[in-house]
Every structure is written in structure tokens, then in C-alpha cells.
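The values are calculated or read from the model by the stated rules, or taken from the named source; none is laboratory data. No experiment lies behind these values; they were computed from the predicted model shown. Neighbour counts run over all protein chains shown; Cβ positions are idealised from the backbone, glycine included. With ligands, DNA and RNA removed, areas are computed over all heavy atoms of the protein, side chains included. Shrake-Rupley method; radii C 1.70, N 1.55, O 1.52, S 1.80 Å.
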Amino acid sequence: MSDIICQWLNVELRLSKVTEPYSFTRDFANGYLIGEILHRYELQDDFHLFSKQSTANAKLNNFTRIEPTLQLLGVPFDLAMAKAVMQGRQGAATHLLYQLYIQLQKKKKSGLTATAMEVMQPAATSHFRLFVSQRLKTVVKRETDLKMQKIAKHFHKRGQAMYNRSVMAELLKEEDRLKRQEERRLRDIEKHRQARRKQHEIMIQIQSAIVQIPKPPHARTSRASDKQLQFRKKQEVEPMSTVDKEQWNKEYIESIRQRLEEDSAAREQREMRRRRALMEQLQAHEAQQEVLREEQMVSRLMRQTQQEKRITVQLMQIKQQKEVLRQNRIFQERQYQERRLRDFQEALDREAVLAQQERLERSEEIRMERELHKQLVAERAQARYRKHFEICRGILEQIVDLATKAGEYRLLTANLIPVKLMQEWMELFFNGKPLYEVASVDPAPADPTPEQIIELEKLHILNNQDYNEYVAMKGEWVWHEEGESQAPPVNDILDHVLSRLQSLIVPLSVSTPPPLFPRFTIRACMLGKSYSGKTTSLGLYVLSANSLIQDALLAYQQDKQAVSESQKESQWSLRAQRGAAVEQALRTGKAVPDQLLVDIIVDAIRNIPADSGWILDGFPVDFTQAQMLEKALNRTESDQAETKTHSNSATDKNSPKDPPPPSPALDLVVLLDISDEQVLERAAHQAGELPLYYAPDEKMSMTHVDTHDPASSSGEKSLGRKQIQHRISGFHETWPKLEKWFGDQQNILVKIMADVDEDTLFSNVKIVLMDTMDSVEKGRFTYACSAKSKSATPKSAGRRYVEEPLPKEIPVYLVPYWENVCNSYVTNVKTVMQNLRSERELIIHHLYNIRENFRQYLQKTDLKQEFVSAWQRDYNSVPDNIREDEETKGELHQRLDDLRERLWDICDKRKEEAEQERAGVIDDGWLDDHTAVLINHYSALMQIEVGRFQDSLCLLRDYYTAMCKTAFPESTRGFTRVPLIDITADDHVELEEPKIPQPVVEKNPEEVKRKAERKRIKQEFTAALKREEHAVKLRLELIKAHALRTVSSLQQKAEQAYRNMEEWLGTRFLSEMNSIDQLTELVRQHIENGVQIHHELVLQSADFCVDGDTLVVASPSPAPRRSPLEQSRNSTLTVQQLHILCTQLRKTAPAGQNHHYLFTLMLFQNCNVW
């Protein structure tokens, strides 16, 4: 039946999946194939809604849809049947398919359609079908219920496990031990009874094996009797002669002798057999007698009853039955052995087929991996192209903006772009900020948009640039006096006061020494892609992150088992604590944190013995881990931000420079470079056997590979093959930053090609390591020598300052006060610089606007063209027959003169209006207003410097007064705006020196010492005030000079704009007068010739045109006549110079001979003159 159904499904219907009799239960459990069968017979119209999945929802959906169709066909399909098929009970699917096959064959023969069968179905069946469908939904559990059930079972198992680990588990173990001990005792008793029973059975078998051999009867043989009878008959028939008788007698005697010998031999043989039989019989008899005696003895001892005898008989029967069963089992085992051999052979055949199929699938997988790799390489190349394209486009856009900005300002400033403006553009260009304004930030926004943030960053960059130039006295703020530049003033006394106050509040922190590590011969790390040979080529102490993590987890497990629960975790070892943190991270499904990984590696480095080297295998893998490793080994921040501009940079120029950057934590970083294609090939070869450069993990050491479990290794291989593309992509993403860090910044990167054999790669790495070790030893020797020389050099003596004790309140008050002063100073200076930039932009645009507005004003149309057109119409209306008349010509000339006078009047009026417009621009007061604004800005900058000077004065007064008095001095500061002349001329006069009490002249040595200290304090205070006074004077002079230059430049630009307006006005007036003269000349020619003016005469602005597009220009003047004198070129003499030389030679040497010295002197004098 199963074969018929399989042929029907696979051959006739050709289902989407080939089915076998043993797979009916699995294939038809979800109902999808049943729906496909009904769809092939056009009975299931909603087959597209069926699902191939095996979830509870999919099964419920499929069987709910096929149930009406099965009921329509008359197939008995109820709730029990559906449940049996879903749960995969044996034979349920086969039974359902057989009934379905019968009904479909009937339907095929009858030729009824689904609609006809539904019409013929009674109503009660429809109601029953609906009831079954609803009931089926309640019986089949939803997928959510199944998940909840699994979750409940999971938590039940965990609760049971926790219970087993509790105190009750010990009691249960004790009960199990006692129970096993009792079972062992019962088994020993049973074995003793079976041994005695087996011994009894052996005795019975020996008794049954005794054989009784009877004694043979004594009788003659039949052969001898026959011969004797024949001999007698022969004697009776023919009597023998004597010779014959003798012969016969001899033969007879010989035969008798022979027979006797044979009989004796036979007797001996029989005797031997008899003796042997007797011996065997005797032995059997003795054994039987022994068994009988034992039985008698046992029967006497045990006094067995009749019931025991029956039990013995039953045991014997059981023994015989067991023997039969044993023989049957042996036969069955033989059959099983044959069947196992057959199955083993079939399994080998299947394995061979599967291996072939796996090889084909593996080759296809390798091909797909290579295609994926090519796709990823193309995507990376496209991403790099897009990145470079965006960078180039951004740079090109900035260059275009810079060129456009320069062009615009060349137009605004008449090709005179200020150098400061160009520097600001270049600063924005180098910082990648747009030059044009993208948003307005005039009112400071509370919640700025991204465009406004860009504008704020631009303002910050320009403010910092202007502030740095102002403080350093560079750029446009450089000091020029008598052609010499001057550096910013420095007040070392004020710097000392501030540093002492700061140290009193926050004591100078001693720099943390680097971590104490033993002396190592080399510190290196090995990086590269997967399968590049990192692990194979290592030869020193190898620190693998994976191995160290496993060691930490193992130490955690051991300490956890060894330490009791009552003890705290603080008693664990450091490695166990690291392992606990690793396990906690892994249990949450997260990766091991980078900081924890670095800590584990540093702990392992500490345990390495001195005078040895170590290599990190595959670590670090990204830039973050590299920075953390650098910080952990050197105790320094590798990515230190640039130090902020000191608020006291105007005066604090003698501060110590930043220490040089520390040496790299590693001595060498080796990159085993290999192509992606080679990586894929090595990954493909790992399926068969362990290749030469096989690395199960990027961070696994060689010892770990050797002791790895084969099963887990195969799993890791498959996992590595799946993740190889992701590893390659991750390496390409993280390597550029690492290459820049190790190669450009630390210069410790060495690249080695890894696409070679193992020996070559090992030798190359060994050479690099040995060279690095030699260079490290040489560097340490040089450093030790330099340190010894530095320690031997005496320290230069510096200036000695007064450092008397201060009250605690002084530093607490003065340090925050000075910080506030410095912050206010920086903010106010940047604000003034920003206002000056805004004013400069406003001035440039205003000057350009007034020029362009005046130029447009000069281009304004007038009424000249209307008068010219009206005059031309009147002239052309004169009849031709009177044009030659002299009176007519005189009248026309008079009219032309009137037109010219009218046009001149219009030009004069336009000139007067333009002059009034220019005068209005000059007298509008804009220049004076903005000059005053600039002066106010510079005055504000001066006030900032004066205010800072007053704050410095107050700080110094409080500081030095506090060293003389014990109580905190009362502050009597009065910050007022002082005129510039008074501030710069009389500051040192108005300064109030601290009131130091006059000492009483005594001979007490303590008073003398105190008096000397007060004198030193006064001298130091006076020196500090003088330096501050000099600094503020220099700053004020610098601001004054800059303000004068700026105001003068503004005046010059304004005057240049006014002069340009005046020049444009004069040029315009002259051009208009010339165009009127040209028009008059042309018309006079037509009047004299007596012809009409057929061309339209047009006065366009200052030009005179004919027909609107033909410009009339004056005839050019003839070219100037060239000079008849010959011009000398290079060292060639002209004809005139040759004539002069010839005349002099005739005078000095009429005979044609002259001394060479006189000739050379004459040539030299003439050439110098010429």
C-alpha cells in the first residue's frame, strides 16, 4: 500500500517534495503536502495561503483549511485524526493518505467538480465541519503557549538544579549510597546461589555421560566357515595329489599362521580398547560414585524433602530451557552480526556519497565566498572612492569659494584685499569651514541649528586667531618702532606670585612614575589578518588574549571552589577577580570590555621574568585598545588634547615648556601582510586537515592549539569559515587608524609579507626581532649615559624671590579672583576683536556701495535723446527743393546751435546734480560716526588693558601686604575709567605702596632680619609694579598705533572713494560734451550737403551712436614718428658711437699705432660714458 501511495505522489502528482514510506509521518505533519494534493485536483483554491513551516500556528492554519475539503470528499477526518497526524503518530498519515487516494480516485471516475460535490453535501455535514474546525483551534496549542510551556520547564529544571545543590541534596546522596550498598549485598547472595546451582548441574551431566560396554560373544567368523565348506566340496569333487596336498598344506599352514598373527594383533587391539573402556568406565563409575556420595551426603545434611526434589527437577528443566534460549540467542546474535555488517557497508556507501556531496557543496561554498569577497572588495573600493570624492569635492568647493570670495572682495576693495582678511580666509579654509555665511547668529541663539553651530565655530576660530596675534604681538599687532620689533613683555615676579598662590591651594602633584615592570629585551606585538601565520611564527613569550581570558576564568573557578561561601571575594587572587568580571560580562551576552582585557594583559606582563621578551599575539585589534595599552604601560594619555591658551599668556612667557612625549610602550609592531585571496584559500584548506598557517582564532596561542578538543576545533573551524568575511572587513575598517598610530606617530611598524612558506616567514620575523632587540639595547645604553651626564651637570641658579608665610585666606581669595580676571580679559578682548572685524566688513561694503550708487546715478537717463529725436524729425521734414538755399542752411545751422545749447544746459544741470549728490555722500556724517565707533572699540580695548593692570596691582598689593601683616588686609579697590594720558603718564605716581610700619632701631637681630625682609618685599613689589607699568604702557602704545593706522586707512579709503567719484563725474561730463560735438559735426555735414539724415541719431549716456548700435568715435591721432637715432642694444655700438671712436683714434694715433694700455683705457672711458 505504501508503494502505491508513493508512486501516486511522486510519479502521478509530482509533488514539490519527494516522499518515501518512512518519511510520511514527518512530511505530512504540517499539512502542506495534503493541501498541495487537493490543489492538484482543483479542490483547494486557497492553497497560496498555506505555510511550509512546522510551527503550531502554521499547522493550525493548514489543517483548518484542508478540513472542509476532506469532509467534502467523504474522508473521515475528525479531531483525533488531525491531532494524530500533527503529532506524527505512526501510521496516521499513511491511513489518511490511503483514504484520500480512494476518494480522489472515485471523484476522478465520477467527474464531479468541487461545486457539485458541495451542493450534494447535506447541511448537517457542514455544521459538523464548522464544529470540528472550531474544536481543532482549541485542541492545537498556540505557539505562544508552547513557548510559555518551554519557559516553565526551563525554570522548573533550574529550580530542581538549585534544590539539588541545597542541603537536602546531601541527605538524598546518603540515602542513595545506603540503597546501592543493600543492592550490592543482595547481588552477592544471588551470585552465591547461582554458583551452587551450576555445580549441581555439572554433577548431573557427569552421571548421565557414563556408557556400559557389553562383552562380545565368542564365535567363529562367517568367512572362515565359508572357506572350510568350499574346501570340503572341492575334496569331494576332485581328490588332490601328494604334491598338491603338500602345497595346499603349506598354504593352509601359512594362512593359519597368518590368521593367527592377525588374531593376535586383533586381540591386542581389543585388549587395549577394552582396557581403555574399562578405565573410562571406571573413571565414570568413580565420578558417579563420588556424585552419589556427595548427593547422599547433601541429602543427609540437608534432609531434603519431596518438595525440594521437585524444585530440583524444575531447576533442571529451567536449565535446559536456558540452554535452548542460549542457542537461540547465539543464532540471533549471528544474524544481528550479519545485519550489522550489511548496515555498516551501507553506511560506508552513504558516507562516501555524502562526502562527495559535501565536497561539491564545499566547492560551491568556496566559490560563493570568493564572489562575496569580490563584492565586498568592490564595495570597499566604492566606499573609498566615495570618501575620497567627498573629500576632494569639499576641498574643491572650498577652493572655489576662496577664489569667488577673493574675486568679490577685489571688486569691493578695488583690487586691494587686506592682508588680514586673506589670513582669516586661509584660517577658515585650513579648518574646513565655509567662507560664506550659512546662518545668522547676530542674536545669540539659545538652541542653535547646525548651520548656526558652524557660524559659531567660525567666530570662535577667528576670535582665537585675533586674540593669539594680539597677545603674542604678531601679525597686524606687531610692534614697529624705528624699524625694530619688540617681544611681548614678561613679568616673572607676577608669574612667581601666581604659581606660589596656586601651589598653596593645590599642592604640586608629584608626577606618577610609570608602572614598575622588569627589564625586558623586547616588547612587541604581532598583527595581521586571519590565517596570516601570526601564531605559527612566534618564538618568545607569547601573550594571547584568548588564552589569558581562559586562564582567568579557570583561576576564578578554582578559587570559587576552594574558598568557602562565608569568605569574601576580596580574598580571591587578582586573576580570579579578573575572571569573575569576565564571566559576568560573558553571561550578559556582551564582549569582554577593552579596559578589562588590557588589565589582564598588563597583569600577565608583570609575571614575565626579567631579561626576557614578550610578544602580544593579535592584540590590539583597534585604535581604542592601542590607546588603552599605551596608557597602561606608560601611565600617560596617548591622545592628550592640545593645551588651552593660558589666560595670562600676555605675561606668562617664562612658564616651563611641556615635557616631550614619552617613548612608545612597544618596541616593535609587526604586520604580517597577506592578500584577501590568500586568506580565503587558507580558510578553504582548513576543512580537510590543519594547514601550515592555520590559526583557529586570531588571539590563540600555539599551546592552546595543541591541547584543543577535536570536536570543539571542528566547530570553531566552521564558525571561522562563516566569519572570515566579517573578520577581513573588520580588519580593513580598523587597520588604517592603527597604521597611522604605529607607523606615523610612533614609527615602530614593520610590514612582512606572509604569503610565503613557514620557514621563510619564521626567518624573516626572527631577523626583525633580533635587529629590534639590538637597537633596544643600544638605546638603553645611550639613555643611561645621557642621564648620568645630566645628573652630573650642576643646576643653574635662578632668581631668588621673597617667600614669607601667608595667611590661609589670602590664596583662597586671590586665586579665584585672578582666574575670574583672566577669563574676563580673554572674553572682552575677543569681543572687541569681533567688533573690529564686523566694523571692517561694514566699512568695505559701505565704500563699495557709495561708489556703485554714484556710478549708477551717473548712468541715469535724461531728456537729451528726446530733443535730438524731435530736432531730427523737424530737419527731415524740410522739403528737398529748398535745402540748397543759403537762407535755409543758415536757419538749419541756427536750429543746430540752439539744440547744442540746450544739450549743454542739460549736461551742466546733470553735473551740478551729481556734484550735489557727491557732496551729500561726503557730508552725510557716516565717516565721522564710524570713525568714532572704531575709536570707541579701541578705547574699550585700552580700558580692558587698564582694568587688567589695576587688577594686577591689587593682587600684588594684597599679596605683599599679607606677607607683612598677619591679618587679611581690607580691600580698598576703586575701579574707575581713567583718561588715557593720565593712565599712561602717572600710573606709577598714583600707586599706593603697602604701608609698612617703620621699624624701631634696635640691636635685636630678629628685628634687623625682619627689616631686611621688609626691604626686600618693598623692592620686589616696586619691581613688579614697574614691569606691569611697562607692559601696560607698551600695550596702550600698541593699541594707539593700531587705532591710528586703522583710522588713517579708513580716511584714505574714503578720500580715495571721493576722488574716484570726482574723476568719474569729470570724465562723464567730458564724454557727454564730446558726444554733443560729434553729433553737431555730423549734422553740419548733412546740412552743407543738403541731404536728409536717414540714420537715427542716438545719444546713449555719454556715447553718440547711429542707428542705435554703431558707435561714433573720434579719429585716432597718427602714431608718433620714430626717432632717426639708432638705439644701442646689449654691447653692440651704434654708428654714431663708432664715428666718435674713430675720431678719437685719429687724434691719439695719427700713424695708426698706439699702446695697448692707452687703447684699453680709452675704450673703458668711452664705454662707461655710453
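Please count how many residues of the stretch 245-259 are more than 16 Å from Gln230 (Cβ to Cβ), open to solvent by 100 Å² or more (accessible area, probe 1.4 Å) and acidic (Asp, Glu).
1
For the stretch 941-963, which positions are charged (D, E, K, R) and more than 52 Å from the chain's Cα centre (by Cα)?
Arg957, Asp958, listed by residue number.
In the stretch 925-940, which residue that is without any contact (Cβ under 8 Å) to a residue 60 or more places away in the chain and either within 54 Å of the chain's Cα centre (by Cα) or on the phi > 0 side of the Ramachandran plot (or both) is most open to solvent (accessible area, probe 1.4 Å)?
We begin by selecting, within the stretch 925-940, every residue without any contact (Cβ under 8 Å) to a residue 60 or more places away in the chain; these are 925, 928-929, 932, 936, 939.
From what is left, the residues that are either within 54 Å of the chain's Cα centre (by Cα) or on the phi > 0 side of the Ramachandran plot (or both) are 925, 936, 939.
Working: Gly925: 21, Asn936: 96, Ser939: 46 Å².
By that ranking, first place goes to Asn936.
What are the pairs with Cβ atoms under 7 angstrom where one residue, in the stretch 43-56, is under 24 Å from Gln71 (Cβ atoms) and the other, located anywhere, is among the hydrophobic types (A, V, I, L, M, F, W, C)? Sequence gap at least six, or different chains.
As it stands, the answer is Leu43/Ala114; Gln44/Leu38; Gln44/Ile66; Ser51/Ala58; Ala56/Val140; Ala56/Leu146, since those pairs meet every condition given.
Among what's in the stretch 35-77 and is open to solvent by 40 Å² or more (accessible area, probe 1.4 Å), of a type in the set (D, E, K, R) and touching a Leu at 6+ places or on another chain (Cβ under 8 Å), pick the residue that is farthest from Ala93 (Cα to Cα).
So the residue we want is Arg40.
Mind listing whichever residues of the stretch 415-434 are without any contact (Cβ under 8 Å) to a residue 40 or more places away in the chain and closer than 30 Å to Asn1060 by Cα? Steps first, please.
So in the stretch 415-434, the residues without any contact (Cβ under 8 Å) to a residue 40 or more places away in the chain come out as 415-417, 422, 425-434.
Passing the criteria: Asn415, Leu416, Ile417, Met422, Trp425.
Between Lys560, Lys568, Lys529, which is of a type in the set (Lys, Arg), modelled with pLDDT under 80 and within 30 Å of Ile752 (Cα to Cα)?
Lys529
Let me spell it out: the conditions are (1) within 50 Å of the chain's Cα centre (by Cα); (2) open to solvent by less than 50 Å² (accessible area, probe 1.4 Å), and Gln105 meets all of them except one. Which number is the exception?
(1)
Given the conditions (1) surrounded by fewer than 16 Cβ atoms within 10 Å (Cβ to Cβ); (2) part of a helix (DSSP H, G or I), which single one is not true for Leu896?
Leu896 satisfies every listed condition except (1).
Just to check your reading of the model, which residue among Leu1034, Leu1050, Leu1044, Leu1038 is within 60 Å of the chain's Cα centre (by Cα), among the aliphatic types (A, V, I, L, M) and closer than 21 Å to Ile493 by Cα? Walk me through it before giving the result.
Numbers: Leu1050 fails: closer than 21 Å to Ile493 by Cα; Leu1044 fails: closer than 21 Å to Ile493 by Cα; Leu1038 fails: closer than 21 Å to Ile493 by Cα.
From the options Leu1034, Leu1050, Leu1044, Leu1038, the qualifying one is Leu1034.
Name the single residue, out of those in the stretch 726-738 being farther than 15 Å from Ile674 by Cα and modelled with pLDDT of 80 or more, that is surrounded by the most Cβ atoms within 10 Å (Cβ to Cβ).
Ranking the qualifying residues of the stretch 726-738, first place goes to Leu738.
Here is a yes/no grid of residues against (1) of a type in the set (Phe, Trp, Tyr); (2) under 16 Å from Ser1101 (Cα atoms):
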{"site": "Ile843", "(1), (2)": "no, no"}
{"site": "Tyr848", "(1), (2)": "yes, no"}
{"site": "Leu863", "(1), (2)": "no, yes"}
{"site": "Val868", "(1), (2)": "no, yes"}
{"site": "Val878", "(1), (2)": "no, no"}
{"site": "Ile882", "(1), (2)": "no, no"}
{"site": "Thr888", "(1), (2)": "no, no"}
{"site": "Leu899", "(1), (2)": "no, no"}
{"site": "Glu913", "(1), (2)": "no, yes"}
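Quick check on this structure: which one of Ile391, Ile366 is on the phi < 0 side of the Ramachandran plot and in contact with a helix residue (DSSP H, G or I) (Cβ under 6 Å, 6 or more places away or on another chain)? Write out each step before concluding.
Working: Ile391 fails: in contact with a helix residue (DSSP H, G or I) (Cβ under 6 Å, 6 or more places away or on another chain).
One residue alone meets the criteria, Ile366.
Quick one: in the stretch 597-655, of everything that is at pLDDT 80 or above and either in contact with a Pro (Cβ under 6 Å, 6 or more places away or on another chain) or over 27 Å from Val582 (Cβ atoms) (or both), which residue is surrounded by the most Cβ atoms within 10 Å (Cβ to Cβ)?
Ranking the candidates gives Ala626 first.
Within the stretch 822-829, does at least one residue satisfy the condition of being surrounded by fewer than 18 Cβ atoms within 10 Å (Cβ to Cβ), touching a residue at least 24 places away in the same chain (Cβ under 8 Å) and among the β-branched types (Val, Ile, Thr)?
No.
Does any residue in the stretch 401-414 that is of a type in the set (Gly, Ala, Ser) come within less than 8 Å, Cβ to Cβ, of a residue that is open to solvent by less than 30 Å² (accessible area, probe 1.4 Å) six or more places away or on a different chain, and which pairs are these?
Close Cβ pairs satisfying both conditions: Ala406/Trp425.
Can we say Gln375 is within 16 Å of Arg727 (Cα to Cα) and out of contact with any helix residue (DSSP H, G or I) (no Cβ under 7 Å at 6 or more places or on another chain)?
Numbers: within 16 Å of Arg727 (Cα to Cα): yes; out of contact with any helix residue (DSSP H, G or I) (no Cβ under 7 Å at 6 or more places or on another chain): yes.
Yes, satisfied.
Under 60 Å from the mean Cα position of the chain (by Cα) and of a type in the set (Lys, Arg) - does that describe any residue in the stretch 831-838?
Yes, some residue in the stretch 831-838 is under 60 Å from the mean Cα position of the chain (by Cα) and of a type in the set (Lys, Arg).
Restricting to the stretch 435-461, name every residue that is open to solvent by 90 Å² or more (accessible area, probe 1.4 Å) and either among the aromatic types (Phe, Trp, Tyr) or closer than 23 Å to Leu836 by Cβ (or both).
Glu437, Asp442, Pro443, Ala444, His460
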